[in-house]
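What follows is one structure encoded as structure tokens, with my remarks underneath.
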Amino acid sequence: MAERKDAKLSIKKNYMSTTTTITAAEINKLRQTTGAGMMDCRKALVESDGDFEKAIDYLRKKGQKVAALRSDREAKEGVIIAKTTADQKTGLIITLACETDFVSKNAEFVAVAQSIMDVAIKNNVKSLEELKACKLENATVSDKIDDQVAKIGEKIQLTRFERIDADAVASYIHGAYRMGVLVGLNKNTAPALEAGREVAMQIAAMNPLAVDQDSVSKEMIEREKAIVTDQIRNDPKMAGKPDEMIEKIAVGKLNAFFKENTLTAQPFVKDASKTVAEHLKSVDAGLKVTQFKRVQLG
């Protein structure tokens, strides 16, 4: 019955010999992701031939206020554990997902997640599948999770595994196990690790896309430039303006994008008078963030 209803709501757009079908479920997904209106989402998907990412770009080019440009949601509810090894050269993040916050807030459920992390650290695990196969007490981690499913009556899954290896790694857990952050550093000293924990809190709060401008992929830069250029061209005030002026404004907007979305260029949350890069330099002239991971429940 649901499939029939979805079919009735489907929308078709013909291009010569090709047909693209857009379903109500796809429209709703785009609406939930972007916050745009239902009709705008439908039009965006039709114009983008059903391509989800292109539909997001379409909405942005048309001036829509997109609520989410990227998503790291891996579970509706659950527990995220972030931890480093004793030498602080390796950091891990795991997500143990469940259906309700009632379960995720249960002390026993949190303890299970922590025991799984301890197994991951002990066995120097490098992948999610490897972790599931590790021994936890007298069974595998996967079997232990199945035991929890039988006991609690909810769907429980180990859904996310992240790892960083560096000269030093700082970890941070935010919001009652709802977010975990790892920060790789190029120096392993007490001041560097303290700065790393501060930067991890910055990452939790500001959700940067990359460490710095050089770390942003060429594809993302080209995509963002195309979006801001179209935004400028669509502005009635820019009608008839020369391409050189539009290009100059686009470069300025792109630089603002880097400042907002790259870690080291962001204002430092504890002292907005300096950037994260300047804060790291004040701790140690050669201190740098080499990489980071940020995992959040959605």
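How many residues are in a strand (DSSP E or B) and either modelled with pLDDT under 55 or aromatic (Phe, Trp, Tyr) (or both) when one looks only at the range 62-90?
Number of matching residues: 1.
Across the range 221-261, what is the number of residues that are surrounded by 15 or more Cβ atoms within 10 Å (Cβ to Cβ) and within 24 Å of THR275 (Cβ to Cβ)?
Within the range 221-261, residues that are surrounded by 15 or more Cβ atoms within 10 Å (Cβ to Cβ) and within 24 Å of THR275 (Cβ to Cβ) number 10.
Any idea which of LYS241, LYS270 is at pLDDT 90 or above and not hydrophobic (A, V, I, L, M, F, W, C)?
From the options LYS241, LYS270, the qualifying one is LYS270.
Which one of the conditions (1) part of a helix (DSSP H, G or I); (2) buried (at least 20 other Cβ atoms within 10 Å of the Cβ) does LYS293 fail to meet, given that it meets all the rest?
Going through (1) part of a helix (DSSP H, G or I); (2) buried (at least 20 other Cβ atoms within 10 Å of the Cβ) one by one, LYS293 breaks only (1).
Output yes when any residue across the range 102-115 is farther than 29 Å from ARG197 by Cα and not aliphatic (A, V, I, L, M), and no when none is.
Yes: one or more hits.
Determine whether the range 278-286 contains at least one residue that is within 30 Å of LEU96 (Cα to Cα) and either over 22 Å from the mean Cα position of the chain (by Cα) or not acidic (Asp, Glu) (or both).
no
Yes/no matrix, rows are residues, columns are (1) closer than 22 Å to ASP284 by Cβ; (2) in a strand (DSSP E or B); (3) at pLDDT 95 or above; (4) touching a strand residue (DSSP E or B) at 6+ places or on another chain (Cβ under 6 Å):
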| residue | (1), (2), (3), (4) |
| --- | --- |
| ILE173 | no, yes, yes, yes |
| LEU182 | yes, yes, yes, yes |
| GLY196 | yes, no, yes, yes |
| GLN202 | yes, no, yes, no |
| ILE221 | no, no, no, no |
| LYS225 | no, no, no, no |
| ILE232 | no, no, no, no |
| LYS237 | no, no, no, no |
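In this structure, does ALA226 turn out to be in contact (Cβ under 8 Å) with a residue 40 or more places away in the chain and over 22 Å from ASP57 (Cα atoms)?
No.
Being hydroxyl-bearing (Ser, Thr, Tyr) and assigned to a helix (DSSP H, G or I) is the filter here, so list the residues in the range 104-162 that pass it.
SER104, SER115, SER142
The values are calculated or read from the model by the stated rules, or taken from the named source; none is laboratory data. Just so you know, these numbers come straight off a predicted model, no measurement behind them. Neighbour counts are summed over all protein chains in view; Cβ atoms, including those assigned to glycine, are modelled from backbone coordinates with ideal geometry.
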